[in-house]
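In what follows, a single structure is set out as structure tokens and then discussed.
The values are calculated or read from the model by the stated rules, or taken from the named source; none is laboratory data. Predicted, not measured: the structure shown is a model, and the values here were computed from it. Counting neighbours? That spans all protein chains shown, and the Cβs are built from the backbone with ideal geometry, glycine included. Ligands, DNA and RNA are excluded from the accessible area calculation, which covers all protein heavy atoms including side chains. Shrake-Rupley method; radii C 1.70, N 1.55, O 1.52, S 1.80 Å.
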Amino acid sequence: MTGVRQPMIAPSILSADFARLGEEARAVEGADWLHVDVMDAHFVPNLTLGLPVVQSMLKATSIPLDCHLMIENPDRWAPPYAEAGARNVTFHVEAAENPVQVARAIRAAGGLAGLGIKPKTPLEPYLDMLHEFDTLLVMTVEPGFGGQGFIAEVLPKVRKARDLVQSGHLTLFIEVDGGINADTIEAAAEAGADVFVAGSAVYGADDPGRAIAALRRKARAAAASSP
Ligand code: DX5
Ligand code: ZN
């Protein structure tokens, strides 16, 4: 890839008002993707929403949906999100029986396939399968809750993935999720991330649209100054 990376901002509706999801989606119309955290109270301790809510959101907004499935058995449950029309469907490698098969099913349904890895999960064992994916989501907090502190120790995984993209070995969105805000986004962008999930930093701001623009500016400047 040549030129300056164009950062993408994906506000997470985990920090939005769940009783007003349509309005909350419209409040971030300048965003690139809308990040939807699906939690099943098994893979993570928290419980959020599932496919019926995603189907309703697809009707309520034109922002592409980035579904982050923090669920057991994605082998069975992930492809229907792509069939419903989600742009990107990320599931966790720690939960999947056969990640490559799931990725192929997501792609066959017309979605981008994302592989999610928790902070303590190494990247190395999965490098060989990354060509089956469109997105690598590197968790920068333990999955389950919004508003946690950014774990900078995971950034070497972002750097490794960026090296593989830069050297032409992979075409991949590199997404970071958790604790991304005006203080942390530059470090993530310098490491090579190009999709930035932000929950509390966007929905906790007085003006979500301005928060998105400010995050994008910072990420772009940091990407431009990194090798
Ligand atoms: C955490 C979720 C994140 C969360 C991020 O498990 O995957 O998407 O919404 O929230 P912030 O940006 O507040 O850390
Ligand atoms: Zn998420």
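Here are a few things to note about the model shown:
- Looking across V93, V100, one residue alone is open to solvent by 20 Å² or more (accessible area, probe 1.4 Å) and more than 25 Å from Q6 (Cβ to Cβ). It is V100.
- The set of residues in the stretch 133-144 being of a type outside the set (V, I, T), away from ligand 2 (no atom under 11 Å from the Cβ) and touching a strand residue (DSSP E or B) at 6+ places or on another chain (Cβ under 7 Å) consists of F133, D134, L136.
- Among the residues of this structure, G147 counts as one that is within 16 Å of ligand 2 (Cβ to nearest atom), out of contact with any Asp or Glu (no Cβ under 9 Å at 6 or more places or on another chain), within 24 Å of A205 (Cβ to Cβ) and modelled with pLDDT of 95 or more.
- Any hit, the stretch 153-170, residues being in contact (Cβ under 8 Å) with a residue 60 or more places away in the chain, among the β-branched types (V, I, T) and within 16 Å of ligand 1 (Cβ to nearest atom): no
- Enumeration of residues in the stretch 104-152 that are within 16 Å of ligand 1 (Cβ to nearest atom), open to solvent by less than 10 Å² (accessible area, probe 1.4 Å) and either within 18 Å of I71 (Cβ to Cβ) or in contact with a Lys or Arg (Cβ under 9 Å, 6 or more places away or on another chain) (or both): G114, L115, G116, I117, T135, L136, L137, V138, M139, V141, G144
- A78 being among the aliphatic types (A, V, I, L, M), free of Cβ contacts under 8 Å to residues at least 24 places away in the same chain and either under 21 Å from L115 (Cβ atoms) or in contact with a helix residue (DSSP H, G or I) (Cβ under 8 Å, 6 or more places away or on another chain) (or both): no
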